[in-house]
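Step one of this worksheet: look at the structure below.
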Amino acid sequence: MSGPPAQRYPSSPSPSSALKRPPPPNVLPASSKRPRPSNTIATMSHRLPPLPTLQGEVMLEIFMHRSLSSGSLNEDFGDSERLATIGKRVLSMAVAQILFDKRPMLDATGMEVEFEAKTAYETIDEWVTNYQLREKVRCPGHLRESLKHADETFFLFHTYVGAAYLQHGLSDIISWIGKLLDPEYEPSTSTVTSVPEGHRQMARSPPPPHAMHSPGAYSNPPPPSATPPPLPVSSAFASQSAILPIFNQLCSQRRVTLDWPAVSTGPPHAPSWTVDCMANGILKGRGAGKSKQLAKEDAAKQAYVALGWAAPGL
């Protein structure tokens with residue numbers, strides 16, 4: 001009775017046959033293989049523009065998973081949900097402005113197509129990955145993988161954009177996102193604060209003849225100045241909390257560095273706050289209030305006047 005056939009192993013080729021045997025298809029010699037980068041993020045990060053710097057408690061809010069949140073609202077920005085909500089809109093505005101400024105000019109359909117691509121999950125995921133934002137998030141271990149889901153990816157990036165907008169203003173966001181989309185991007189002169197050239201020409205056009213000769217009209221209106229002064233903020237508007245983001249944006253545009261040292265006195269259940277507004281290291285306002293936010297608003301109003309951006313009595 002014969003046993004099972006013996007297993008046959010391929011014999012080693014002789015030196016002469018090895019020279020004649022062609023390499024397997026689609027396999028390059030080892031010397032010609034292109035080395036793979038050991039760290040993809042490291043090889044791409046040098047092309048990324050730097051992240052806008054953030055200061056204060058907002059950093060803790062951005063990089064703490066929502067499951068760890070205490071549920072209370074910060075008096076300056078609220079919480080990560082609020083930051084993500086405004087950040088989503090700011091990102092959309094920034095991308096739309098960048099596409100509007102693009103040359104050769106895109107038509108409306110082209111803008112829509114480009115907008116969908118530039119704000120798609122694949123694009124946002126690439127930015128979050130290359131900036132290593134997920135690695136900075138404090139998160140329970142069993143939820144770590146969920147940070148790669150689309151909704152968490154969008155939320156993380158939108159939150160960062162929202163915080164950067166509040167501390168730097170829209171013009172800096174447009175410049176940052178523009179360079180993310182195109183390293184050669186330069187903001188248009190009409191972006192954000194400037195009036196587009198066509199609108200500027202319309203604004204400078206003389207009034208029609210019937211308006212010039214109408215009763216009470218000036219026959220020779222003075223020409224507008226080349227650089228109009230900042231518009232004063234009305235008392236009604238200044239009483240709202242919106243004065244602080246506007247003040248922060250102006251300071252960012254004019255390269256004014258702000259610090260807000262704060263002190264509270266009194267019992268814990270009824271503290272009194274004093275907040276200083278330090279502009280480039282110089283005291284420009286000192287506010288007081290029953291909360292830190294109210295005192296900060298008061299200090300910002302005083303600094304707004306002290307810096308010459310509004311008339312006294314703001």
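The values are calculated or read from the model by the stated rules, or taken from the named source; none is laboratory data. Values in this document were obtained by computation on a predicted structure and should not be read as measured data. We place every Cβ from the backbone using ideal geometry, glycine too, and count neighbours over all the protein chains shown.
Determine whether the stretch 92-102 contains at least one residue that is outside any helix (DSSP H, G or I), in contact (Cβ under 8 Å) with a residue 40 or more places away in the chain and assigned by TED's automatic domain parsing to the domain that holds residue 51. Step through it out loud before you land on a result.
Step one: filter the stretch 92-102 for residues outside any helix (DSSP H, G or I), giving 102.
Those still in the list that are in contact (Cβ under 8 Å) with a residue 40 or more places away in the chain too: none.
No: zero hits.
Restricting to the stretch 104-119, and then to whatever is outside any helix (DSSP H, G or I) and surrounded by 12 or more Cβ atoms within 10 Å (Cβ to Cβ), can you tell me which residue is nearest to the chain's Cα centre (by Cα)? Step through it out loud before you land on a result.
First, the residues of the stretch 104-119 that are outside any helix (DSSP H, G or I): 104-107, 119.
Next, from what is left, pick out any that are surrounded by 12 or more Cβ atoms within 10 Å (Cβ to Cβ): 106, 119.
On the way: 106: 24, 119: 13 Å.
Ranking the candidates gives 119 first.
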Handout entry: Residue check for residue 70: buried (at least 16 other Cβ atoms within 10 Å of the Cβ) and at pLDDT below 95
Key = no
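How many of the residues making up the stretch 273-293 are more than 26 Å from the chain's Cα centre (by Cα) and within 17 Å of residue 74 (Cα to Cα)? Step through it out loud before you land on a result.
Residues of the stretch 273-293 that are more than 26 Å from the chain's Cα centre (by Cα), as a first pass: 273-276, 282-291.
Okay, now just the ones that are also within 17 Å of residue 74 (Cα to Cα), so 273, 275, 289-291.
Residues in the stretch 273-293 being more than 26 Å from the chain's Cα centre (by Cα) and within 17 Å of residue 74 (Cα to Cα): 5 in total.
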Practice task
Out of 137, 95, 128, 90, report the one residue that is in contact with a His (Cβ under 7 Å, 6 or more places away or on another chain), surrounded by 14 or more Cβ atoms within 10 Å (Cβ to Cβ) and among the hydrophobic types (A, V, I, L, M, F, W, C).
Solution key: 137
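From the list 85, 109, exactly one residue is farther than 28 Å from residue 47 by Cβ, in contact with a Gly (Cβ under 8 Å, 6 or more places away or on another chain) and outside the structural domain of residue 295 (by TED's automatic domain parsing). Which is it? Lay out the reasoning, then the answer.
Values: 109 fails: in contact with a Gly (Cβ under 8 Å, 6 or more places away or on another chain).
Of 85, 109, the one residue that is farther than 28 Å from residue 47 by Cβ, in contact with a Gly (Cβ under 8 Å, 6 or more places away or on another chain) and outside the structural domain of residue 295 (by TED's automatic domain parsing) is 85.
For the stretch 215-314, which helices (runs of 4 or more DSSP H) that fit wholly inside it have 1 or more residues that are at pLDDT 50 or above and acidic (Asp, Glu)?
292-306
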Handout entry: From the options 60, 156, 51, 83, residue that is of a type in the set (A, V, I, L, M, F, W, C), touching a residue at least 40 places away in the same chain (Cβ under 8 Å) and surrounded by fewer than 17 Cβ atoms within 10 Å (Cβ to Cβ)
Key = 51
Exercise for the section: Kindly provide the set of residues from the stretch 275-304 that are under 19 Å from residue 264 (Cβ atoms), without any contact (Cβ under 8 Å) to a residue 24 or more places away in the chain and of a type outside the set (A, V, I, L, M, F, W, C), ordered by number. Expected result: 276, 285, 286, 287, 289, 290, 298
